[in-house]
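The values are calculated or read from the model by the stated rules, or taken from the named source; none is laboratory data. Computed from a predicted structure; not experimentally measured. Don't worry about glycine lacking a Cβ; one is built from the backbone with ideal geometry, like all the others, and counts go over all protein chains shown.
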Amino acid sequence: MTSVVPGGVDCDLHPALPGLQSLLPYLNDYWSDQVTSRGMVDLVSQSYPPNSPITARPDWRPTQGKPGSVVADLTRQALDPYGTRFGICNPLYGVQMVFSEDMQSAFCSALNDWLAREWLDKDDRLRGSIVVPIQSTEKAVAEIERCAQDKRFVQVLMLVSGDMPLGRRIYWPIYEACERNGLALGVHAGSNYHNQPSPVGWGSYHAEDYVGNSQAFQTQLTSLIIEGVFAKFPNLKVVMLESGFTWLPTYLWRLQKFWRGVRMETPWVDRSPQEIVRSNVRFSLQPVDGPPDPAMLERVIDHMQSEDLILFSTDYPHWQFDGEAVLPDGLSSDLVRKIMIDNPLATYPRLNA
């Protein structure tokens with residue numbers, strides 16, 4: 001088993017909101033009354049079915065409530081065993097599934113305040129991601145500006161499957177706010193389910209939805225590059241969370257080939273896609289989608305042609321690795337240090353503050 005090094009940064013932790021009632025103290029009187037009078041209990045997505053084995057390890061499940069809903073459990077199970085210096089909390093709660101712009105905005109603000117008070121305040125190692133109401137770019141930017149005053153927020157969190165490609169210019173004010181405030185943009189696996197999660201329609205089973213996320217990441221990465229996001233915002237760092245990474249070499253080969261053939265259409269893409277990815281895009285480690293043979297995994301990483309692309313993550317409380325083997329076998333000690341410490345600190349400038 002590859003050994004971790006102390007002082008690492010866990011870039012993908014999932015604190016679980018017990019239920020919509022937990023947001024009531026962080027909502028104003030109007031929205032609190034709306035939740036109560038409508039009898040709203042929870043916003044449920046089936047991206048991680050509660051009883052699925054990959055949702056949580058058996059020993060990470062509390063006797064009551066959702067896995068990952070207790071701060072002490074997270075620190076004891078995900079931070080302490082690996083000597084983690086910082087852990088970035090990415091709350092995956094269904095606020096972005098709401099269609100109403102005003103309700104979505106209110107719920108996102110409440111979720112961010114809940115994260116700060118109930119989690120970040122309780123352990124100095126924890127950092128947070130700002131969940132934004134993606135229905136309204138104006139409201140999303142306002143929420144970024146509000147939360148960015150708290151330096152413990154290091155990232156803005158969006159879902160990989162939403163209403164439109166992420167490179168579209170309607171989202172550019174969000175990216176400008178990220179770059180100006182020194183915030184990374186985290187794009188996480190999942191969907192608001194406003195549209196079919198596959199380009200050919202709705203699947204029948206969880207496996208179809210889960211495997212299809214890698215296709216969504218490739219589509220969004222193409223959009224961000226070809227639409228010119230990184231030409232406009234050259235200092236923006238985009239982190240693909242729970243995306244996998246072994247698909248990257250063949251994907252980049254294909255994108256590079258066709259970009260060269262039709263580059264007259266997008267003259268603002270003034271660098272090759274390979275160069276853009278290596279300078280501006282990062283990928284969380286877990287779940288590792290590589291082959292179990294260490295030599296084969298090493299070849300895949302060599303084909304990525306950079307040791308700067310992968311960021312350490314446990315994906316707590318989701319469980320995608322064997323036992324405590326949060327790092328795949330066969331990684332050199334130098335690469336482990338880059339994945340666990342150097343790469344995250346270079347990606348999230350607010351951690352250095």
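Observations on the model:
- Residue within segment 280-295 that is touching a Phe, Trp or Tyr at 6+ places or on another chain (Cβ under 7 Å), farther than 29 Å from PRO50 by Cα and crowded, with 18+ Cβ neighbours inside 10 Å present: yes
- Hits in segment 284-339 (condition: under 21 Å from VAL238 (Cβ atoms), under 19 Å from the mean Cα position of the chain (by Cα) and not in a loop (DSSP other than H, G, I, E, B)): SER284, ILE310, LEU311, ILE339
- The lone exception for VAL154 - which of (1) assigned to a helix (DSSP H, G or I); (2) touching a helix residue (DSSP H, G or I) at 6+ places or on another chain (Cβ under 9 Å) it fails: (1)
- Some residue of segment 232-246 being outside any loop (DSSP other than H, G, I, E, B), free of Cβ contacts under 8 Å to residues at least 12 places away in the same chain and not basic (Lys, Arg): no
- Residue, farthest from PRO91 (Cα to Cα), within segment 128-156, restricted to residues that are of a type in the set (Gly, Ala, Ser) and touching a Leu at 6+ places or on another chain (Cβ under 8 Å): ALA148
- Lone qualifier among GLN135, GLN149, GLN104 - being assigned to a loop (DSSP other than H, G, I, E, B), of a type in the set (S, T, N, Q), under 17 Å from GLY190 (Cβ atoms) and without any contact (Cβ under 8 Å) to a residue 60 or more places away in the chain: GLN135
This table checks each residue for (1) surrounded by fewer than 14 Cβ atoms within 10 Å (Cβ to Cβ); (2) of a type in the set (Gly, Ala, Ser); (3) more than 27 Å from SER161 (Cα to Cα).
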| site | (1), (2), (3) |
| --- | --- |
| CYS11 | no, no, no |
| LEU17 | no, no, no |
| ASN28 | yes, no, yes |
| GLY39 | yes, yes, yes |
| ALA72 | yes, yes, yes |
| TYR82 | no, no, yes |
| ASP102 | no, no, no |
| SER109 | no, yes, no |
| TRP114 | no, no, no |
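- Condition check for ASP342: surrounded by 14 or more Cβ atoms within 10 Å (Cβ to Cβ), under 20 Å from the mean Cα position of the chain (by Cα) and either in a loop (DSSP other than H, G, I, E, B) or hydroxyl-bearing (Ser, Thr, Tyr) (or both): no
- Hits in segment 247-270 (condition: closer than 30 Å to GLY182 by Cα and either part of a loop (DSSP other than H, G, I, E, B) or in contact with a Cys (Cβ under 6 Å, 6 or more places away or on another chain) (or both)): TRP247, THR266, PRO267, TRP268, VAL269, ASP270
- For the residues ALA78, ALA106, the requirement of being farther than 25 Å from GLN286 by Cβ, touching a Phe, Trp or Tyr at 6+ places or on another chain (Cβ under 6 Å) and of a type outside the set (Phe, Trp, Tyr) singles out ALA106.
- Listed by first and then second residue, the pairs linking a residue in segment 251-274 that is in contact (Cβ under 8 Å) with a residue 60 or more places away in the chain to a residue that is β-branched (Val, Ile, Thr), with Cβ atoms under 7 Å apart and 6 or more places separating them unless they lie on different chains, form an empty list.
- Hits in segment 1-55 - residues which are touching a residue at least 40 places away in the same chain (Cβ under 8 Å), small (Gly, Ala, Ser) and touching a Leu at 6+ places or on another chain (Cβ under 6 Å): none
- Residue satisfying condition, being touching an Asp or Glu at 6+ places or on another chain (Cβ under 9 Å), of a type in the set (A, V, I, L, M, F, W, C) and surrounded by 21 or more Cβ atoms within 10 Å (Cβ to Cβ), within set LEU252, LEU241: LEU241
- LYS151, sole failed condition from (1) at pLDDT 95 or above; (2) under 22 Å from ILE225 (Cα atoms): (2)
- Test result for GLY186, among the small types (Gly, Ala, Ser) and either under 26 Å from HIS318 (Cβ atoms) or in contact with an Asp or Glu (Cβ under 8 Å, 6 or more places away or on another chain) (or both): yes
- Number of positions in segment 211-230 that are under 24 Å from PRO50 (Cβ atoms), surrounded by 15 or more Cβ atoms within 10 Å (Cβ to Cβ) and free of Cβ contacts under 8 Å to residues at least 24 places away in the same chain: 1
- Some residue of segment 200-209 being buried (at least 19 other Cβ atoms within 10 Å of the Cβ) and either not in a helix (DSSP H, G or I) or not basic (Lys, Arg) (or both): yes
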